[in-house]
Amino acid sequence: MGEKRKKIAGLKWDKLPTGVTREKKRKKYVILAQWTENGERKRKTFPDTEDGVKAAKELIASRKKELNDYGQKFGAISDDEKRALDLWRDYVKACQKEACRYLPCSEVMQIALEQVRPQSITPLFPAMANEYLRSKENENLDKEHLRKIAGKVRRFSEYFADDRAGNITPERVQTFLDTLTGRAGGKPAPRTVQDYMVCLSELFSYGVKRDIVKKNPLDAMDKPQVKSETEPETITTEDTQKILAFACSYTACQPYLPALLLALFCGVRPAELGRMKYKDLFPGGRAEAYLSRAITKTNVDRIAKIRPNLAAWLNYTAKSGLHGAPDDFILPGETEKKRSENYTRHLKRVATGAGVTIPRDALRHTAATMICALDGMADAAEELGNDIKTLQKHYRHAVTKDEAFAFFSIMPPED
């Protein structure tokens, strides 16, 4: 018979430690270990072998060691509480080794509990990010703008997938920013970093307003300074005349003339043009273009002035049969995407035909510049739907009031 299965009939029972006994159960002998835990009597049986006796002795010895190490009450606490006490004692030893003061155990517990009390536990970051994104989807934002926001939010959620929203620190944000790269794989442009920081800051501000998180970690971070190397690009009055002359004479461009006029003289964005209808012009007979929040990029209603020269142009296009019914869109096309594509293609055709260059966003920049010079910064900001700081940074180009007056004196061909 092998050693492990050898009976221990000759064993001297008085040598067994307290808590270990040999008892008969169901006509068979077993080794029984017994101890007290959390005020309850615990027991565990082992085979009636030398190995069984050894295992029972080791179990009881480990329980006794715990009592010696942690005191008589240790047997009444859980394994998790035991680990916590180990951590505390390691902390005290480390402080003593460095000869520095350590906080009392009760004070450490109080601080920890303040941090993790139920009302302070925040959701995982992706949950807050998804809620923020849903709110943006309900704002009727420009689809391209919304697509860019969604792309950034998706990237944030992938990186902070396991982070509690309220536990994200400025240092943690910086580790994310360090993962950004440029198009060629190198260091990202300052504007790229700034765009991500602005988007993430808006996301956390959303969380703060809804009491999801207590603070915005981006508030403690410096955003990179982005310097514009050139002034906003605009179109001269002479080139504007060439553009309109070609658009009037070329049959394929004529259906786009009303939209082109609103872009040049009111600064309406391309995406907004794709959502405007003819009923938005001259509401109630007033010389205005009404852009509702369903139309504007910023989801805020705004009113653009229809100045005398634009009124004359729109009268010209209406008489030329280029206007649709009140509920017709100003830009041709079945869908918003199709209207946008058609308009982009039209601008390229006009620029080529007129022999001029139309840089990106130059039509809105031109309108903003001329409106600022003619009516002043405050009125221009309200009409264009931007604050003054944004207007100064992105749109305004230095021109004289006389130049602006000449621009808004461009009139349609005589009948």
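Values as computed for the structure displayed
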item: So Glu144, is it assigned to a helix (DSSP H, G or I), closer than 20 Å to Thr298 by Cβ and open to solvent by less than 90 Å² (accessible area, probe 1.4 Å); result: yes
item: Residue list for the stretch 234-271, filter: in a loop (DSSP other than H, G, I, E, B) and farther than 21 Å from Gly324 by Cα; result: Thr234, Ile235, Thr236, Gly267
item: Output for the stretch 272-291, where each listed residue is closer than 18 Å to Arg364 by Cα and part of a loop (DSSP other than H, G, I, E, B); result: Gly274, Arg275, Met276
item: Subset tally (residues that are at pLDDT 90 or above and assigned to a loop (DSSP other than H, G, I, E, B)) for the stretch 18-46; result: 0
item: Test: residue in the stretch 213-223 that is closer than 30 Å to Lys319 by Cβ and of a type in the set (A, V, I, L, M); result: no
item: Failed item, numbered, when Gln225 is tested on (1) in contact (Cβ under 8 Å) with a residue 40 or more places away in the chain; (2) open to solvent by 10 Å² or more (accessible area, probe 1.4 Å); result: (1)
item: Count of the stretch 317-336 residues which are open to solvent by 50 Å² or more (accessible area, probe 1.4 Å), modelled with pLDDT under 90 and assigned to a helix (DSSP H, G or I); result: 0
item: Condition met for Gly353 (touching a residue at least 12 places away in the same chain (Cβ under 8 Å) and outside any helix (DSSP H, G or I)); result: no
item: Flag if Ile303 is within 21 Å of Asp327 (Cβ to Cβ), open to solvent by 50 Å² or more (accessible area, probe 1.4 Å), under 36 Å from the mean Cα position of the chain (by Cα) and not aromatic (Phe, Trp, Tyr); result: yes
item: Qualifying residue in the stretch 391-404 (condition: among the acidic types (Asp, Glu) and open to solvent by less than 60 Å² (accessible area, probe 1.4 Å)); result: no
item: Criterion (under 40 Å from the mean Cα position of the chain (by Cα), open to solvent by 70 Å² or more (accessible area, probe 1.4 Å) and of a type in the set (Ser, Thr, Tyr)) met by exactly one of Thr366, Thr357; result: Thr357
item: Single unsatisfied condition, Met197 versus (1) surrounded by 15 or more Cβ atoms within 10 Å (Cβ to Cβ); (2) of a type in the set (A, V, I, L, M, F, W, C); (3) assigned to a loop (DSSP other than H, G, I, E, B); result: (3)
item: Out of Thr175, Thr181, sole residue that is of a type in the set (Ser, Thr, Tyr), in a helix (DSSP H, G or I) and without any contact (Cβ under 8 Å) to a residue 12 or more places away in the chain; result: Thr175
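The values are calculated or read from the model by the stated rules, or taken from the named source; none is laboratory data. Values in this document were obtained by computation on a predicted structure and should not be read as measured data. Quick reminder, even Gly has a Cβ in these numbers, built from the backbone with ideal geometry, and neighbours come from all protein chains shown. Protein only, heavy atoms only, side chains kept; ligands, DNA and RNA dropped before computing areas. Shrake-Rupley method; radii C 1.70, N 1.55, O 1.52, S 1.80 Å.
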